[in-house]
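Okay, so here's the structure we're looking at.
The values are calculated or read from the model by the stated rules, or taken from the named source; none is laboratory data. Because the structure is a prediction, the values reported are computed rather than measured. Here the Cβ is made from the backbone with ideal geometry for all residues, glycine too, and neighbour counts use every protein chain on show. In case anyone asks, the SASA skips ligands and DNA or RNA and just uses the protein heavy atoms, side chains included. Shrake-Rupley method; radii C 1.70, N 1.55, O 1.52, S 1.80 Å.
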Amino acid sequence: DAGVIQSPRHEVTEMGQEVTLRCKPISGHDYLFWYRQTMMRGLELLIYFNNNVPIDDSGMPEDRFSAKMPNASFSTLKIQPSEPRDSAVYFCASSFMGTGSYEQYFGPGTRLTVT
Amino acid sequence: GNSVTQMEGPVTLSEEAFLTINCTYTATGYPSLFWYVQYPGEGLQLLLKATKADDKGSNKGFEATYRKETTSFHLEKGSVQVSDSAVYFCALRLQTGANNLFFGTGTRLTVIP
């Protein structure tokens, strides 16, 4: 299996621009998670989906952030408009609850820099 | 609330030294406990886990024992290698069916030759 795939790996954009991060979970997994990692705040859960339905979005910082999962093999995290404080590494992870292991498999991350 | 507290880093050790990274948790019921590792430039990956009290998780020479009485899950390794340099995260999953994990802040380990 290719693992969790994220794109782009690096994104540099100017303040005010729209940013879209993409994630392809492992085939067959029924949970998908979006995390943000910064030096100041560590690893934060932003939102997670179960069977393409958002379950908990309480970690989404504000209305500028939105996430969708139109099907089982694709999810996006959008920031509009972007701000310098959004600079971070964004991780997508997926898991399959059916095995009972609850292990989350992480993608390599997208490093976002907003100037 | 539910939370994980990890030993503050960074930690620097010489090769072959003994490693302990402390982790304590606060949670209702009987959570599952995990250690994840993040190597430079990569995402997190599961290192080991324990799902009930007194279970010992082990992998790649690392061990951690689920101690309900002290609400702890300390990570240990008897002899670290340079390749163990990474950031280590302790995490818990509640017993109650939600599949999200609560992560600690991470501890950076650097092993020098």
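Need pairs with beta-carbon distance below 8 Å; first residue under 14 Å from residue A:86 (Cβ atoms) and at pLDDT 95 or above and within the stretch A:1-23, second open to solvent by 80 Å² or more (accessible area, probe 1.4 Å) and aliphatic (A, V, I, L, M); sequence gap 6+ or separate chains.
Hits for this filter: zero, empty list.
Mind counting the residues in the stretch A:46-63 that are surrounded by 15 or more Cβ atoms within 10 Å (Cβ to Cβ), over 13 Å from the mean Cα position of the chain (by Cα) and at pLDDT 95 or above?
1
Name every residue in the stretch A:46-72 that is touching a Phe, Trp or Tyr at 6+ places or on another chain (Cβ under 9 Å) and not in a strand (DSSP E or B), in order of residue number.
Those that are touching a Phe, Trp or Tyr at 6+ places or on another chain (Cβ under 9 Å) and not in a strand (DSSP E or B): A:51, A:57, A:59, A:60.
Would a scan of the stretch A:98-115 turn up a residue that is of a type in the set (A, V, I, L, M), under 28 Å from residue B:32 (Cα atoms) and either in contact (Cβ under 8 Å) with a residue 60 or more places away in the chain or out of contact with any helix residue (DSSP H, G or I) (no Cβ under 7 Å at 6 or more places or on another chain) (or both)?
Checking the stretch A:98-115: not a single residue is of a type in the set (A, V, I, L, M), under 28 Å from residue B:32 (Cα atoms) and either in contact (Cβ under 8 Å) with a residue 60 or more places away in the chain or out of contact with any helix residue (DSSP H, G or I) (no Cβ under 7 Å at 6 or more places or on another chain) (or both).
In the stretch A:13-58, how many are facing another protein chain (nearest Cβ under 10 Å) and among the charged types (D, E, K, R)?
4
Under 9 Å by Cβ, and 6 or more places apart or on different chains, what pairs join a residue from the stretch A:72-83 that is open to solvent by 50 Å² or more (accessible area, probe 1.4 Å) and of a type in the set (A, V, I, L, M) with one that is assigned to a strand (DSSP E or B) and at pLDDT 95 or above?
A:72/A:32
Within the stretch A:32-45, how many residues are over 12 Å from the mean Cα position of the chain (by Cα) and either within 16 Å of residue A:69 (Cα to Cα) or outside any strand (DSSP E or B) (or both)?
Of the residues in that region, 3 qualify.
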